[in-house]
Amino acid sequence: MAASTTQVILTAVGVLTITVVPFVWGLYRMVKHTREHEPGEDERVM
Amino acid sequence: MSNVRERWSSELGLVAGAIGSAVGLGNIWLFPMLVGQNGGAAFLIPYFIFTFSFVWTGLVIEFNTGRIAQQGPAGAYEELGMPFGKYIGLIPGFRPLVVLIFYASIAGWTLRYIGAPANEQFWAEPGAFFGTVNSGLQSAVFAVLALAIIGSIVYFGIEKGIEPATKLMIGLLFILLVLLGIRSVLLPGSLEGLRFYLVPDFSKLTTRVVLNAMAQAFFTASLAGAPMIVYGSYLSEKADTVSAAITTTFGNATIALLSGFAIFPAALAVGVEPNASGPGLLFISLPAIAQQLPGSTLIVTGFFLAAALAAISTGLSILEVPVDSLKYHFGLPRKVVTPILVLIVAVVAIPTAMSSELFDTLTTIVLYTGPLAALLAPLGLFWAYDGRQALEQINEGPGTELGDWFFYWGKYIYPAGILAAYAWDVLG
């Protein structure tokens with residue numbers, strides 16, 4: 001039996017959530033770390 | 001000796017560059033094509049499983065190969081203590097030059113196609129039009145134009161060239177794909193395409209589909225032992241590489257998914273089967289789909305602009321690798337090395353763009369050298385270097401701490417996964 005419109009819409013939302021949530025989570029953590037720890041000149045020199 | 005190495009302004013700069021590298025025509029062209037040929041939504045299941053397992057971990061390994069060695073692929077293996085590392089590094093250090101020769105042609109086609117809707121033949125005979133674009137003088141001119149754009153961005157370095165350019169390009173690409181996806185989903189009859197794309201038919205989930213998904217997951221994230229290593233080498237020791245790898249992985253997957261949303265609902269709404277092979281889906285089927293839709297010129301222009309942005313942003317990382325390699329071997333500055341390399345690539349890219357035989361030979365060389373280049377990162381970090389020490393250094397960043405499992409994953413499972421994916425791709 002073919003999936004109903006509601007099922008298709010819910011699947012679309014679910015599939016996008018699977019990729020968007022980890023993306024936003026990683027982004028949030030990096031922005032947080034960047035604000036907490038601005039690199040100094042000494043760290044820019046090997 | 002005090003040696004100043006360029007740096008990203010923050011991990012966000014790395015993520016923009018790395019998403020720019022990963023998001024290429026593999027997302028815009030290859031991903032929808034493979035979904036179409038591998039049973040629609042059935043392909044998405046293994047694709048997500050490999051994305052959640054191999055891809056982000058692979059990026060952690062490649063970023064840290066560069067970050068710990070503080071070298072791109074040309075110098076990383078010598079620095080990590082791999083026997084004959086200096087010579088082994090020549091393969092991943094200069095292989096991208098060969099990739100760039102044929103990638104310039106494809107990037108050139110996308111540039112040419114931005115203005116294609118103005119040409120009547122594009123709409124009337126898309127196949128014949130593609131024939132005029134992918135060969136002869138026109139192909140060569142646009143390949144050189146693509147190289148010139150890539151070279152002029154790389155010339156300005158990481159913080160002033162690649163980082164701001166990729167931030168802009170990826171932002172624009174994302175907006176374009178969201179708009180195209182919304183347009184496609186709102187078409188009358190789009191539900192059939194969404195069903196094909198999202199609701200799996202488990203009878204189509206064969207071994208072949210699983211292995212195709214695995215190979216695509218590796219390829220699409222630029223896990224080729226070169227671009228992600230050189231980008232990782234511009235990070236400081238306090239960088240949060242785990243969060244950067246997760247963000248890059250899922251940013252890349254989101255853009256691939258959006259490409260599918262832009263293509264499948266529109267394709268099935270106008271009765272075009274979404275299983276074309278080769279460049280057909282992007283360059284030939286798309287005009288056929290779009291010409292039946294209102295606002296077709298805008299749709300096609302937007303789509304090829306997105307494809308061109310993806311191709312150029314990937315091209316930046318491909319050129320950055322040999323630029324770094326020449327700097328490493330000869331101590332020459334970026335502003336000398338970049339124009340020299342662009343000139344060398346252009347000289348070879350012109351006949352390649354004009355001849356499909358030469359183009360096919362180069363793509364074969366790239367395909368067969370891929371496994372070796374990609375295997376070097378886990379071998380360098382977990383075998384030649386000290387795997388336990390590598391894990392400690394990965395965990396020095398402020399991100400999520402990886403447990404002991406990552407040592408076994410990086411040392412045994414990840415290399416086995418690469419071998420399986422590439423063996424399938426080369427043999428298949």
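Each of the peptides B:179-191, B:319-331, B:199-211 was scored by the mean count of other Cβ atoms within 10 Å over its residues; in descending order, highest first, they stand as B:319-331, B:179-191, B:199-211. Association of chains B and A removes close to 2800 square angstrom of accessible area from solvent, both sides included, for a probe radius of 1.4 Å.
Quote the relative contact order of chain B in percent (integer), defining contacts as alpha-carbon pairs under 8 Å separated by 6+ residues. Answer for chain B is 35 percent. Summing +1 for each Lys or Arg and -1 for each Asp or Glu among the other residues whose beta-carbon sits under 14 angstrom from that of B:Gly417 gives -1. For peptide B:235-243, the mean count of partner chain Cβ atoms within 10 Å of a residue's Cβ comes to 4.
Peptide B:189-202 shows a mean partner chain C-beta count of 3 within 10 Å per residue C-beta.
If each DSSP helix of 4+ residues adds -39,500 (n - 2.57) and the sum is divided by the residues in the protein assembly as shown, what number results at 222 nm, nearest 500 deg cm²/dmol?
Calculated from helices alone, the mean residue ellipticity at 222 nm is -23000 deg cm²/dmol.
Take the Cα of B:Val178, step 7 Å toward its Cβ, do the same at B:Lys238, and the gap between the two points is 3.3 nm. Panel note: the C-alpha atoms of the protein assembly as shown, placed on their principal axes, show extents of 64, 50, 44 Å (largest first).
The order of the peptides B:110-123, A:9-22 by mean Cβ neighbours within 10 Å, most packed first, is B:110-123, A:9-22.
With a 10 Å cut-off around each Cβ of A:3-13, the average count of Cβ atoms from other chains is 4. Legend: calculated FRET efficiency, A:Leu16 to B:Glu159, from the Cβ-Cβ distance at R0 = 35 Å, rounded to 0.05, equals 0.60. Carbon and sulfur atoms: what percent of the 1.4 Å accessible area of the protein assembly as shown do they account for? The value for the protein assembly as shown is 67 percent carbon and sulfur by accessible area.
Model label points for B:Thr206 and A:Val24, set 7 angstrom from Cα along the Cα-to-Cβ axis, are 3.9 nm apart.
All Cα-Cα distances of chain B, cut into 10 Å bins from zero to the largest, leave 5, 23, 33, 26, 11, 2, 0 percent in each bin in turn. Shown is the FRET efficiency for B:Ala148 and B:Leu168, computed with R0 = 25 Å from the Cβ-Cβ distance and rounded to the nearest 0.05: 0.90. Panel note: the C-alpha atoms of the range B:1-156, placed on their principal axes, show extents of 62, 40, 32 Å (largest first).
The values are calculated or read from the model by the stated rules, or taken from the named source; none is laboratory data. Keep in mind the model is a prediction, meaning the values are calculated, not measured. Positions of Cβ are backbone-derived with ideal geometry, glycine not excepted, and every protein chain shown enters the neighbour counts. Accessible surface areas use protein heavy atoms only, side chains included; no ligands, DNA or RNA. Shrake-Rupley method; radii C 1.70, N 1.55, O 1.52, S 1.80 Å.
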